[in-house]
Amino acid sequence: MAFEEKRAWVMILVSLAAYTLYVTTVLGRAGDGALADVAYAGTLLWTVGGAIVATIVAHIAMAVVGGPGADRTDERDREINQVSERIGQSMVVVGALAALILALAELRHFWIANAVYLAFVLSAVLSSFAKIVAYRKGGFQTW
């Protein structure tokens, strides 16, 4: 398995784990009250920060275990990365539009922040999934 494919798997697992932890924590705090009244900002920042640190540590560990040159990339890796990142960025655009609509509707910050966070998670997952598929199928079809 290519190093970049392993990185994609790490990104999917860490992103989904962090988001699941965030949602579980926020829903657990809601109780019988309104969901938008829950203190979410600290939890959101900690889960995002924790996911970033976990991803960095996992990438370093994979590079160390793989030995010298394990994280080398070639032209195919760069092409797959470029196309998969474009695919994932579509979710950032969708999330930005959702946040814009929520802001124009003057909804509470809770909903806007959560729409943006979900868009980032979906972007990471979609981009990583596209990368894994490309590695498994031998690359992307060029037109």
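The values are calculated or read from the model by the stated rules, or taken from the named source; none is laboratory data. These numbers come from a predicted model, not from an experiment. Virtual Cβ from ideal backbone geometry, glycine too; neighbours counted across all protein chains shown. Just the protein is used for accessible areas: all its heavy atoms, side chains included, with ligands, DNA and RNA removed. Shrake-Rupley method; radii C 1.70, N 1.55, O 1.52, S 1.80 Å.
What to note about this one:
- Estimated [θ] at 222 nm from DSSP helical runs (n ≥ 4, -39500 (n - 2.57)) normalised by residues in the chain, nearest 500: -28500 deg cm²/dmol
- Of the trypsin sites (Lys or Arg not before Pro) found in the range 56-106, those in coil by DSSP whose Cβ has at most 12 other Cβ atoms within 10 Å are ARG72.
- Ligands, DNA and RNA left out, the 1.4 Å accessible surface of the range 63-143 is 63% carbon and sulfur atoms.
- Estimated FRET transfer efficiency when R0 is 30 angstrom, pair ILE56-ALA103 (beta carbons, to 0.05): 0.40
- Note that the chain presents 63 Å² accessible area per residue, ligands and nucleic acids not counted, probe 1.4 Å.
- Diffusion coefficient, µm² s⁻¹, Stokes-Einstein with Kirkwood Rh over alpha-carbon pairs of the chain at 25 °C and 0.890 mPa s: 147
- Relative contact order computed over the chain (Cα-Cα under 8 Å; 6+ residues apart), in percent: 35
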